[in-house]
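Q: Starting off with a structure, shown below.
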Amino acid sequence: MSFIEAMIVAAERAAAAPLTVASDIRPCTTALGEVIAAGRRMGTRMTASGVGPGDIVGCMVPNWREWLVVAVAAAQAGAVMLPIVTIYGAKELGFILRQSGARWLFTPDHFRGVDYDRVVADCGALPALERHIATGPAFDALEADGPIADPVRIDPDDMALLVYTSGTTADPKGVMHSARGLLAELATMQATRGGDGNDAVISPWPPGHVAGALSMYRYLCQGAPLVLMDQWDASLAAELVERHRVTTSSGTPFHLSGMIAAADANGNDLSSLRQYLVGAAPVPPSLIARCQAQGLAVYHCYGSSEHPTVTSGVVDDPLDKQLHTEGRAIMGSEMRFVDDDGHDVAAGEDGEICTRGPELFMGYLDPTLNAAAFLPGGWYRTGDIGRVDADGYLLITDRKKDIIIRGGENISSKEVEAVLLSHPAIVDAAAVAAPDDRMGEVVLACVVLAPDAALTLDDVRNHFAGAGIARQKTPERLSILPELPRNASGKVLKHALRQTA
C-alpha cells in the first residue's frame with residue numbers, strides 16, 4: 001500500500017482511536033477519523049494548488065495534531081513528507097530546504113520563544129519554496145470543511161518520507177524512505193511487541209526524527225491510541241501514563257529514568273506500562289535492573305534513520321540479554337560483519353555492522369553519498385562495530401562513526417569542531433562524547449588555545465549561540481589542553497580523548 005491507502009483503511013477500521021496532545025499551546029483530544037478527514041481536505045487543496053507526486057512538503061511542527069494532519073495531506077496529494085526538527089536554526093533549515101527543494105513548509109507561529117517567520121527569513125534565498133504556512137488561521141483554512149477528492153495514486157516503492165540525519169558530516173544527509181519500507185517497519189514492530197494492536201503509546205520523540213515520525217505513522221496507519229507531549233516533562237509523562245493507562249513506550253535512558261523518578265516522587269501508578277524500548281543511547285544496567293524489579297520489561301533496540309530497526313529485544317528475553325545486548329534481528333532484517341575492506345570477518349569476531357531488510361532506506365537524496373554507504377548486494381554500512389553472541393543477540397562494541405549521541409540525537413563532531421575553530425582564541429579543537437547520567441552522552445570540547453588566550457565554557461556557549469546552530473550541539477564540557485594527541489600521520493586520537501572524558 002501507499003501511505004494514504006493504509007491511512008484510509010485505518011480510519012475505516014479504527015475511526016475512534018484516541019489522540020491526546022498535552023501542550024500549553026495546542027492541547028487536543030480527538031480521534032483518528034477526524035485527523036484523517038482533516039488531512040484529506042488539506043491534501044485535496046494541495047492538489048488543487050499544484051502540489052503533486054515527488055513534491056516535497058516540509059513540516060517543522062512539534063508533537064501536535066497539526067503534524068499528523070500535514071502527514072495525511074502530503075500522502076493524499078502524493079507528495080513527500082519532510083519532517084524537520086523544530087530546534088533547528090536558520091543554518092540547518094536553510095540547507096535542508098534548499099537541498100530538498102521543498103515547495104511548501106509548515107511551522108508553528110511561535111514555539112518555545114522562537115519566531116518561525118524570522119527563522120525562515122534568516123535562511124536566505126529559498127528559490128523552490130512557494131508557501132510558508134504557520135499554525136493558526138492560514139493552517140485552519142487549509143483543513144476547513146470542504147470536498148475530499150480521490151487520493152493521488154503513487155507506487156508504494158516511490159519516496160514517501162524524506163528525513164534528515166546529521167550523520168558524520170557537517171551538513172545533514174537526506175534519507176529517502178518508501179511507504180512500503182516504513183509500513184513493513186510498523187508491521188514488524190507490532191508483531192515484535194505483541195499485544196492486540198490497541199496498546200496505548202506515549203512518545204517522547206520529536207517527530208523531526210525517524211523514531212518520532214514512526215510513532216505518528218503508527219497512529220495514522222494502524223490506529224494505535226497515541227499520547228503526545230510537545231515538550232518533555234518527566235512528571236507530566238508519569239501522570240499521562242497513569243491517566244491513559246499507557247502500555248508501551250520508548251525513549252532514551254534520560255526519558256525513562258526521569259519518568260520513574262517523577263512517579264516515585266509524586267505517587268503515580270505506572271503499573272499499566274508493560275514494556276519500554278530503549279534505543280539511541282547507552283543504557284545503565286542499573287536502570288534496567290530497577291525496572292525489572294518493578295515488573296517493567298525494558299530492552300534495547302538498534303537502528304538508525306537509514307534502517308529504523310535492525311534488532312530488538314522482547315519482553316521474554318532473559319535479563320542478561322536485556323541488560324547487555326541490543327536484542328536479535330527483527331523479522332526480515334539481516335546482518336553481516338565486515339572488515340575495513342568489506343570482507344566478512346570470522347564468526348564471533350568484531351566487524352562493521354552491515355544490514356539489509358524491508359525497512360532499509362532507498363538511498364540518500366545526494367546520490368554521491370551512496371557509493372560509500374553500501375556494499376554490493378544492497379548491504380548498508382552502518383559505521384558501527386559489533387558482533388553477535390552464540391544466541392544471536394547483537395553486541396555493539398565500538399562506534400566507527402564520529403558522532404556524539406546526546407539524548408538520542410546524533411551530533412556531528414566535525415560540525416562542532418568547525419564552530420570551535422572559528423573562535424579567535426582556539427587554534428586546535430576536537431569534539432568527543434563524554435558520558436553523562438542524564439543524556440547518555442554530551443559534547444566535550446577539547447581545545448588548544450592561542451598564546452596568552454583565555455577561554456571559559458560560557459565563552460564557548462556564547463560563541464555557539466552566535467553561530468546560529470541548534471542548542472544541543474553546544475559543548476557542555478570544556479577541556480583545555482597543551483596539544484591534542486595525534487598518531488604518526490597527524491590524526492587526532494579521539495579514543496584517547498574519550499577515555500580521558
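The values are calculated or read from the model by the stated rules, or taken from the named source; none is laboratory data. Keep in mind the model is a prediction, meaning the values are calculated, not measured. Note that each Cβ is placed from the backbone with ideal geometry, even for glycine, and that neighbours are counted across all protein chains shown.
Q: Being surrounded by fewer than 23 Cβ atoms within 10 Å (Cβ to Cβ) and part of a helix (DSSP H, G or I) is the filter here, so list the residues in region 231-254 that pass it.
A: Answer for region 231-254, where residues must be surrounded by fewer than 23 Cβ atoms within 10 Å (Cβ to Cβ) and part of a helix (DSSP H, G or I): ALA234, SER235, LEU236, GLU239, LEU240, GLU242, ARG243, HIS244, PHE254.
Q: How many residues does region 469-483 contain that are more than 21 Å from the chain's Cα centre (by Cα), farther than 16 Å from ILE405 by Cβ and either at pLDDT below 95 or in a loop (DSSP other than H, G, I, E, B) (or both)? Outline the logic, then answer.
A: Initial filter on region 469-483 (more than 21 Å from the chain's Cα centre (by Cα)): 476-483.
Cutting the leftovers down to farther than 16 Å from ILE405 by Cβ gives us 478-483.
Narrowing the set further to residues that are either at pLDDT below 95 or in a loop (DSSP other than H, G, I, E, B) (or both) leaves 481-483.
Summing the residues that are more than 21 Å from the chain's Cα centre (by Cα), farther than 16 Å from ILE405 by Cβ and either at pLDDT below 95 or in a loop (DSSP other than H, G, I, E, B) (or both) in region 469-483 gives 3.
Q: If you don't mind, another one. Would you be able to tell me the number of residues in region 424-466 that are under 26 Å from the mean Cα position of the chain (by Cα) and crowded, with 17+ Cβ neighbours inside 10 Å? So that I can check it myself, show each step before the final result.
A: At the first step, the residues of region 424-466 found to be under 26 Å from the mean Cα position of the chain (by Cα) are 430-445, 461, 464-466.
Within this subset, residues satisfying the condition of being crowded, with 17+ Cβ neighbours inside 10 Å are 430-434, 436, 439-445, 464.
Total satisfying the criteria: 14.
Q: Further question on the same structure: Could you tell me which of the residues GLY377, GLY383 is without any contact (Cβ under 8 Å) to a residue 24 or more places away in the chain, in the same structural domain as ASP320 (by TED's automatic domain parsing) and not aromatic (Phe, Trp, Tyr)? Don't jump to the end; show me each part of the working.
A: Working: GLY383 fails: without any contact (Cβ under 8 Å) to a residue 24 or more places away in the chain.
The conditions single out GLY377.
Q: Still on this model: Out of GLY39, GLY33, GLY58, I need the residue that is over 18 Å from ARG218 (Cβ atoms) and not polar (S, T, N, Q). Which one?
A: Details: GLY39 fails: over 18 Å from ARG218 (Cβ atoms); GLY33 fails: over 18 Å from ARG218 (Cβ atoms).
Answer to the selection: GLY58.
Q: What are the residues in region 214-230 that are more than 17 Å from the chain's Cα centre (by Cα) and not in a helix (DSSP H, G or I), if any?
A: Those that are more than 17 Å from the chain's Cα centre (by Cα) and not in a helix (DSSP H, G or I): GLY223, ALA224, PRO225, LEU226, VAL227.
Q: Taking the condition of being buried (at least 21 other Cβ atoms within 10 Å of the Cβ) and closer than 15 Å to GLU349 by Cα, how many residues in region 385-417 meet it?
A: The qualifying residues number 3.
Q: Hey, another quick one. If you check every pair at least six apart or on different chains, which have Cβ atoms under 9 Å apart with a residue in region 26-41 that is farther than 18 Å from THR135 by Cβ first and a residue that is of a type in the set (Gly, Ala, Ser) and surrounded by fewer than 16 Cβ atoms within 10 Å (Cβ to Cβ) second?
A: Partner pairs satisfying both residue conditions: ALA31/ALA15; ALA31/ALA16; LEU32/ALA15; LEU32/ALA16; GLY33/ALA15; GLY33/ALA16; ILE36/ALA15; ARG40/ALA149.
Q: Next question, about the same structure. Of the residues that make up region 200-208, is at least one surrounded by fewer than 23 Cβ atoms within 10 Å (Cβ to Cβ), free of Cβ contacts under 8 Å to residues at least 40 places away in the same chain and over 24 Å from GLY357 (Cβ atoms)?
A: No.
Q: So, one more: Within region 87-113, how many residues are of a type outside the set (S, T, N, Q) and within 12 Å of VAL61 (Cβ to Cβ)? Steps first, answer last, please.
A: Start the filter on region 87-113 by keeping residues that are of a type outside the set (S, T, N, Q), which leaves 87-98, 101-106, 108-113.
Restricting the remaining residues to those that are within 12 Å of VAL61 (Cβ to Cβ) gives 105-106, 108-109, 111.
Residues meeting the conditions: 5.
Q: Hey, another quick one. Output the number of the condition that ILE260 fails; it satisfies all remaining conditions of (1) within 18 Å of PRO318 (Cβ to Cβ); (2) touching a residue at least 12 places away in the same chain (Cβ under 8 Å).
A: (1)
Q: Just to confirm my filter: which strands (runs of 3 or more DSSP E) fall fully inside region 376-452 and include at least 2 residues that are of a type outside the set (A, V, I, L, M, F, W, C)? So that I can check it myself, show each step before the final result.
A: Values: elements: 379-388, 394-399, 403-406, 409-412, 426-436, 440-449.
Correct list: 379-388, 394-399, 409-412, 426-436, 440-449.
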